[in-house]
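*Asks:* What follows is a single structure, and I will ask about it in a moment.
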Amino acid sequence: MTCPNCEKLQRRVERLEAQNAELKKENSLLKRRLTLYENPNVPPSRRAYPSRKRATGTGKRFPGRPKGYPGKTRPVPKPDMVKAPEWNECLECGAPLGGPLYVSHHLREEISNPSPRATIDFLELEGRCDACGAHVVARHPDCPPDGRFGKNALVQTTLLKFEERLPHRKVCETLDRVYGLSVTPATVFDITRRVSDWLRPAYEKIMGQIRGSPVVYVDETGEKVDGRKYWLWCFTTDLDTLVVVRKTRGKKVIEEVLGKQFQGTIVCDGWRSYPSFTSKIQRCWSHLLREAKYCAERVDEAKPLSKALHRLYDDLKASLEDDPPPEERARLAGNAKRRLGYWLKKRYRSGEVRKLAEKVRNGFDHWFIYVNSPPVPPP
């Protein structure tokens, strides 16, 4: 005989188990969505959680700078000109006035009104040399090679589009309001195309200098172009920076920019496109330390590992400041690998810590390239 109360409890258990399964599924989905905003590679401006910790026990934080933060006062500028009012006669009775008894100064910083649109007729002189018979053409250097707009108009249009990030229509409105220059969105697009063509030699020069550099820092991040996922690649050296936007995150972008014959060292994160391009890789410690700190803030088990990674990096950086000889560098690298190996052999219970340790383990051969290679600075 079945107990009625047992059947009732069984149905309740089944109902609660079903609800629990639904909540687990929802929790997993929300966690995946939250990682778009809470991960060590998200800049503070995009984080969905406060970047500053609240004061302990208050639950609220007073807005503005923390208490004790050194303040800054804007320096008083020197005047470029002095403007004085008329001081001739009394406004009440019209009698002549003597010299003023007091003079006070009111400094105001002003901007000038933009110069109105001007039309310039650039003359192009053409003739023949009487001495050698050569055909000679003289053109003013301020005259662009084609189009109806001068260099300043081209520069300001390009800055409004890419520096101020205005849509084509807003660029047209700004040029008309500020300079009285009437253009169409199609004209703005054509201007940016022409400026791009004229800047291509400088672009290719920068690319050549990056290809010849012994060390190049490379990173990539997602970018929306007309609603579709693209990748913004950044190639940086001590003197140059080159940015390209491509549809792919693959190796062919690295080959396009650096060339297949690139002989330098790449400083990068752990993305698989880099080791498929070259074996001369220095893994980025900034990425690693940031991820270790982020993991330690979430999981207590990660705190010793994070502390050990930070101490290892700081010790190596201090040891390399005096540029030690190759034998000492080799000793430092070997010692660092042993210290790192000690922490990677440990068994970690947390999945997040195991994932961090696995990342360090996968790049083990590329964490200390800079120790034995003086051209590569501590990344």
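Rule-based calculations on the coordinates, nothing more; no lab input. Predicted, not measured: the structure shown is a model, and the values here were computed from it. Positions of Cβ are generated from backbone atoms using ideal geometry, with glycine treated the same way; all protein chains shown enter the neighbour counts.
*Asks:* I need two numbers for region 213-282: Rg to one decimal and Dmax as a whole number, Cα atoms only, in Å.
*Replies:* 11.9, 37
*Asks:* Cα to Cα, under 14 Å, and not fewer than 8 places away if on the same chain: which aspartates and glutamates meet these conditions relative to residue 355?
*Replies:* The qualifying aspartates and glutamates are 291, 301.
*Asks:* Another question, if that's okay. Quick one: which of 123-136, 351-364, 10-23 comes out on top by average Cβ neighbours within 10 Å, and what's the full order, highest first?
*Replies:* Those peptides, ordered most packed to least, come out 351-364, 10-23, 123-136.
*Asks:* If you place +1 on the Cβ of every Lys and Arg and -1 on the Cβ of every Asp and Glu, how big does the dipole about the Cα centre of the chain come out, in debye to the nearest 20?
*Replies:* That gives the chain a dipole magnitude of about 3040 debye.
*Asks:* Which FRET efficiency value, to the nearest 0.05, do you get for residue 148 and residue 226 by plugging their Cβ-Cβ distance into 1/(1 + (r/R0)^6) with R0 = 30 Å?
*Replies:* So, using R0 = 30 Å, E works out to roughly 0.55.
*Asks:* Going by amide H atoms built from the backbone, whose H comes under 5 Å of the H on residue 282, apart from near neighbours?
*Replies:* 266, 267, 268
*Asks:* Now a separate question. In percent, how large is the relative contact order of region 285-372, given Cα pairs closer than 8 Å and 6 or more residues apart?
*Replies:* Relative contact order of region 285-372: 37 percent.
*Asks:* Same structure, new question: Tell me the mean residue ellipticity at 222 nm calculated for the chain from its helices only (DSSP H runs of n ≥ 4, each -39500 (n - 2.57), averaged over every residue, nearest 500).
*Replies:* -13500 deg cm²/dmol
*Asks:* Ranked by Cβ crowding within 10 angstrom, fewest neighbours first, how are 73, 192, 221 ordered?
*Replies:* Sorted ascending by nearby Cβ count, the order is 73, 221, 192.
*Asks:* Something else: Kirkwood hydrodynamic radius for the chain: how many Å is it when counted over pairs of different Cα atoms?
*Replies:* For the chain, inverting the mean 1/r across all distinct Cα pairs yields 28.9 Å.
*Asks:* Among 254, 3, 305, flag the residue with its Cα farthest along the positive direction of the charge dipole of the chain, charges on Cβ as +1 for Lys/Arg and -1 for Asp/Glu.
*Replies:* 3
*Asks:* From the square roots a ≥ b ≥ c of the eigenvalues of the alpha-carbon gyration tensor of region 175-251, which class results: rounded (a/c under 1.5), prolate (a/b over b/c), or oblate?
*Replies:* Note, shape of region 175-251 comes out oblate.
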